[in-house]
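Below is one structure, written out as structure tokens; comments come after it.
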Amino acid sequence: MIQLIELTVNGERHDLVVEPRRTLVDVLRHDLGLTGTHVGCEHGVCGACTVLVDGAPVRACLVFAVQCEKTDIRTVESLADADGTLSDLQQSFADHHGLQCGFCTPGMLMLAEGFLAEEPDATKEEIRDVVAANLCRCTGYQTIVEAVDACARRRRAARQEVLGRSAS
Ligand code: FES
Ligand code: FES
């Protein structure tokens, strides 16, 4: 059996014909060519496949693409600008050596992006708890925590500056 579905990924609408059992990560990588999302364990443990669905981090190997109709899906490809300029979060990972082999990085970035959108005032300890949900075999996590925390601090400072300007 096959099914016609409509998926919105990184702001672009796609009509796709898929089997109902096809996972979101397979559709993203194989049907849409968005190979930035990685596949590790394929059973919900490693988090390498994390994407945002309606802003919330989701393990794309654990959901079927058909379940994601009428949602807004974001993959790691949505972070950088069209000219390749890294997002503030990506730049922070680069600045703080938050990656080594890079296999876990797309999942870590999307996990952190979703978390900081939800919890912009997160403490370093809260960030540590959240990134522990995804597996990284290289970094020892400390540099990832530093990267996410530095990005959160910069965003808070920018927010304060805007608030300060609008109050004056
Ligand atoms: S590949 Fe999805 S959680 Fe590991
Ligand atoms: S940087 Fe290699 S698995 Fe995280």
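Nothing in this text is a laboratory measurement; each read-out follows from the coordinates by a stated rule. No experiment lies behind these values; they were computed from the predicted model shown. So basically every Cβ, Gly included, is an ideal-geometry build from the backbone, and we count neighbours across all protein chains shown.
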* Asked: Along the Cα-to-C-beta direction of residue 15, a point sits 7 Å from the Cα; which residues of the range 58-80 have their amide N less than 18 Å from that point?
  -> 66, 69-71
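Tell me, 103, 115 in order of fewest to most beta-carbon neighbours within 10 Å?
Values: 103 17, 115 21.
Least to most surrounded, the residues fall as 103, 115.
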* Structure fact -> Along the range 104-114, Karplus-curve 3J(HN,Hα) (6.51, -1.76, 1.60; θ = phi - 60°) to the nearest Hz, with x for Gly and Pro, reads 7, 4, x, x, 4, 4, 6, 4, 5, 4, x
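At 0.36 nm per residue, and after removing the present C-alpha to C-alpha distance, how many nm does the segment from residue 157 to residue 85 gain when stretched out fully?
On the way: separation 72, 0.36 × 72 = 25.92 nm, distance 2.10 nm.
Result for the pair: 23.8 nm of gain on full extension.
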* Structure fact -> Taking 73, 127 and counting other beta carbon atoms within 10 angstrom, the fewest-first order is 127, 73
* **Within-13-Å neighbourhood charge of residue 160 [Cβ basis; K, R +1; D, E -1]** => +4
* To do: Classify the range 13-131 as rounded, prolate or oblate, taking a ≥ b ≥ c as the square roots of the eigenvalues of its Cα gyration tensor: rounded when a/c is under 1.5, otherwise prolate if a/b is larger than b/c and oblate if not.
  => prolate
* Structure fact -> Comparing 97, 38, 30 in a Gaussian network model of the chain (Cα, 10 Å), the one with the largest mean-square fluctuation is 30
* Please find, in a Gaussian network model of the chain (springs between Cα atoms separated by less than 10 Å), the residue of 112, 158, 150 whose mean-square fluctuation is greatest. => 158
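Would you work out the charge dipole size for the range 1-78 about its Cα centre, treating the Cβ of every Lys and Arg as +1 and the Cβ of every Asp and Glu as -1, and quote it to the nearest 20 debye?
Values: 7 positive and 11 negative charges, 38 e Å.
Dipole magnitude for the range 1-78 comes out near 180 debye.
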* Taking θ as phi - 60°, what are the ³J(HN,Hα) couplings along the range 22-30 by the Karplus curve (6.51, -1.76, 1.60), each to the nearest whole Hz, with x for Gly and Pro? -> 6, 6, 4, 5, 5, 5, 4, 6, 8
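On alpha carbon coordinates alone, what is the Rg over Rh value for the range 79-168, Rh being the Kirkwood radius?
Working: Rg = 13.6 Å, Rh = 13.5 Å.
A ratio of 1.01.
Order of 168, 92 from fewest to most other C-beta atoms within 10 Å? Working shown, then result.
Numbers: 168 5, 92 24.
Final ranking by Cβ density, sparse to dense: 168, 92.
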* When the Cα atoms of the range 1-78 are enclosed in a convex hull and the volume is divided per residue, what value in Å³ results? -> 76
* Asked: For the chain, what is the charge dipole size about the Cα centre, in debye to the nearest 20, if Lys and Arg each add +1 at the Cβ and Asp and Glu each add -1 at the Cβ?
  -> 260
